[in-house]
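Take a look at the structure below.
Read-outs throughout are calculated quantities, based only on the coordinates presented, and are distinct from any laboratory measurement. From a predicted model like this one, the values you see are computed outputs, not experimental measurements. Here Cβ is always computed from backbone atoms with ideal geometry, including for glycine, and neighbour counts include all displayed protein chains.
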Amino acid sequence: MKNIVILISGGGSNMRAIVQAAKKERWRERFGAQVAAVISNRPNCAGLAFAQSEGISTAVVDHKAYAKDGRLYVEGADPRATFDAALAAAVLAQRPALLVLAGFMRILGADFVRQFEGRMLNIHPSLLPAFPGLHTHQRALDAGCRFAGATVHQVVPELDAGPILDQAAVPVMVDDTETELAARVLTQEHLLYPKAIERFLSGLV
Ligand code: GRF
């Protein structure tokens, strides 16, 4: 069985879309793949409750616990590196064929990424290479873009770079607010990500 592990930080709407697609599109039968676990860096986030309701294993690797005042802080060690190592261990425990970042809001270090490069995907809410980083929708509005969208890409050590698997574009309306544009893009993300994962699972990537 090809295990898919999904990393989330909050509501996990992309994770929900992937879980639902895995069932509806019969990934187990068609690709021998399943969503084996959902892991969050934020305890008690809504996405964890959804995954548990679907009978999917969940885990929390709380980045705050590894910070300088956290209960798992290692004196003299880089808190980010300690967190990344703990997260990598939690992911590897699931024997992943594919690691999916879905609304995961931590920047992962190169050492972490290199352990999964080639089997690690992310969805970014812009038409990369435009607007890597944060506040992508407001930046697109400020730049007067006529189109915005989302990108599914392979994760490499450089932030929001890596080979693009697929993209979805949406029109930017004249009076769009950031919230309205974000919602229009998110709707497309929920269609784009499962399809991109299917292509990865079918060996087309
Ligand atoms: C969304 O803005 C999405 O574009 C980005 O992360 C945010 C939350 O996604 N990937 P989700 O609802 O947690 O999947």
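In terms of other Cβ atoms within 10 Å, Val152, Val38 run from fewest to most in the order Val152, Val38.
Taking every alpha-carbon pair under 8 Å whose residues sit at least 6 apart, the stretch 94-194 reaches a relative contact order of 26 percent. Fully extending the segment from Ala46 to Ile164, taken as 0.36 nm per residue of separation minus the present Cα-Cα distance, adds 39.6 nm. The relative contact order of the chain comes to 19 percent, based on Cα pairs under 8 Å that sit 6 or more residues apart. Counting other Cβ atoms within 10 Å as a rough exposure proxy, the listed residues Asp84, Asp111, Asp175, Asp62 run Asp175, Asp111, Asp62, Asp84 from fewest neighbours to most. Once a ≥ b ≥ c are taken as the square roots of the eigenvalues of the Cα gyration tensor of the chain, is the result rounded (a/c under 1.5), prolate (a/b larger than b/c) or oblate (a/b not larger than b/c)? It is oblate, given that a/c is not under 1.5 and a/b is not larger than b/c.
How high is the FRET efficiency between Arg139 and Glu29 when r is their beta carbon distance and R₀ equals 25 Å, given to the nearest 0.05?
Efficiency, rounded to the nearest 0.05: 0.05.
For a quick check, take a GNM of the chain with Cα springs below 10 Å and name the residue from Glu178, Glu75, Glu117 with the largest mean-square fluctuation. Of the options given, Glu75 has the highest mean-square fluctuation. Cross-link partners for Lys23 among the aspartates and glutamates, with Cα-Cα distance under 13 Å and sequence neighbours closer than 8 places in the same chain left out: Glu54, Glu198. Of all aspartates and glutamates in the structure, the ones whose alpha carbon falls short of 12 Å from that of Lys195, not counting any fewer than 8 places away in one chain, are Glu25, Asp166.
Contour minus end-to-end for Arg114 and Ala81, with contour as 0.36 nm per residue of separation and end-to-end as the Cα-Cα distance?
10.5 nm
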